[in-house]
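The values are calculated or read from the model by the stated rules, or taken from the named source; none is laboratory data. Computed from a prediction, not measured in an experiment: that's the story for all the values here. Please note: Cβ atoms are built from the backbone with ideal geometry, for glycine as well, and neighbour counts cover all protein chains shown.
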Amino acid sequence: MSDEFPERNEMLRSTIITIFLTVVFLIIGLALWAWSSPDIIETSPIGALNNFNPFVTVLIEALSMLCVFIFFSVTVINLRLFISQVRAGWFEIVTTFIIVTAISWLMFGSAVGGVTAIFSLGFIVYLYLLQE
């Protein structure tokens with residue numbers, strides 16, 4: 001990895017974009033969570049997907065939370081670099097992993113939380129391999 005830092009306006013633009021995408025995918029996750037309510041599941045799109053294949057809803061919910069993790073991690077990395085001119089370490093990545101996995105676990109249950117954790121660990125391995 002190079003020791004050069006990107007320009008501040010590029011970092012600011014990238015941070016704004018990743019914050020926006022984090023919020024978008026979090027709203028999608030919240031919509032999926034709301035549609036999974038026992039009161040309205042029969043008339044919601046989640047109910048239709050559950051009738052088709054219940055594993056599809058787990059996959060869609062886990063992928064939405066994976067996108068939240070990816071964009072939230074990139075936001076944290078960019079903010080750390082933008083504010084302090086120091087690259088983010090593994091503490092920030094592990095903290096975002098724990099936060100997003102806990103949110104996913106609380107919103108959707110253990111199945112989606114576990115799948116989100118596994119998918120997110122795959123992204124962490126990708127980040128580790130980028131270092132070499």
**Asked** Restricting attention to the range 52-91, and to residues there that are under 18 Å from residue 108 (Cβ atoms) and of a type in the set (S, T, N, Q), which single residue is modelled with the highest pLDDT?
**Response** 64
**Request:** Run residue 2 past the list (1) within 26 Å of residue 122 (Cβ to Cβ); (2) modelled with pLDDT of 85 or more and report the number of the one that doesn't hold.
**Result:** (2)
